[in-house]
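Engineer: Before we start, here is the structure in question, set down as structure tokens.
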Amino acid sequence: MTDSTADSNAANTQTTRGPPIIDNFTLLYYDKTQELIKKPYNDSKNLSDEEIFRNHLFETLEAIAQLKNEVANKNQAKFLIEEKLKIQLRDSRNQTKHFGVFGSNQSALLQAIDSNYKRLKLLYEKIYAIQMDIQHIYMRLYEDLEKRCEHLVEIHKNSRLCAASLYHHKKRNT
């Protein structure tokens, strides 16, 4: 007797079968024609829990996108200031190296360099604060999605219990 015939004989000896492993419960509420939410709801009084969750998710993702755009803008400004600062530092070194005299032009250049360093520091602080806000939003989003997943798993467990009960009831009546 080969392994394949032994497996088929073992499969044929199983007479008690339970409810089907795969059911279409998750597809009951799936609507292909439904479009994605494009704008938040205005009237939150008449919304179901599902719509409230989707609205909250939409607003959270919009806030994240807005903060990411703000970080990108600040990074671009930071890059421009860094380039300007490199040019000013090179000019300052060249003036000191070639002329050796500390003139009024040199003092104005040093003030501009100091000003650009302060701007850079401020931009770094703002970028850091925005990135921390984004991380906090992501953590809250994770917690919300975790609660939602637990809720959906509980719904699925209940539906599987109902499907099993209906299957056994149908089997007894036939």
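The values are calculated or read from the model by the stated rules, or taken from the named source; none is laboratory data. Because the structure is predicted, anything quoted here is derived from the model rather than measured. When we count neighbours, we look across all protein chains shown, and the Cβ atoms used for this are built from the backbone with ideal geometry, even at glycine.
Engineer: What tally of residues in the stretch 46-58 results from selecting those that are surrounded by 12 or more Cβ atoms within 10 Å (Cβ to Cβ) and in a helix (DSSP H, G or I)?
Structural biologist: 8
Engineer: Looking at the stretch 52-102, which of its residues are free of Cβ contacts under 8 Å to residues at least 60 places away in the same chain and polar (S, T, N, Q)?
Structural biologist: Within the stretch 52-102, Asn55, Gln66, Asn69, Asn73, Asn75, Gln76, Gln88, Ser92, Asn94, Gln95, Thr96 qualify.
Engineer: Okay, next question. If you scan the stretch 134-174, which residues turn out to be touching a residue at least 12 places away in the same chain (Cβ under 8 Å), over 20 Å from Arg54 (Cα atoms) and basic (Lys, Arg)?
Structural biologist: Arg160, the sole residue that qualifies.
Engineer: Based on this model, can you work out whether Met132 counts as under 20 Å from Lys78 (Cβ atoms), assigned to a helix (DSSP H, G or I) and at pLDDT 95 or above?
Structural biologist: In short, yes.
Engineer: Suppose the filter is under 43 Å from the mean Cα position of the chain (by Cα), within 30 Å of Phe58 (Cα to Cα), assigned to a helix (DSSP H, G or I) and not acidic (Asp, Glu); does Lys147 pass it?
Structural biologist: Against the criterion (under 43 Å from the mean Cα position of the chain (by Cα), within 30 Å of Phe58 (Cα to Cα), assigned to a helix (DSSP H, G or I) and not acidic (Asp, Glu)), Lys147 qualifies.
Engineer: Checking Arg160 against (1) exposed (fewer than 11 other Cβ atoms within 10 Å of the Cβ); (2) of a type in the set (D, E, K, R); (3) more than 18 Å from the chain's Cα centre (by Cα), which single condition isn't satisfied?
Structural biologist: (1)
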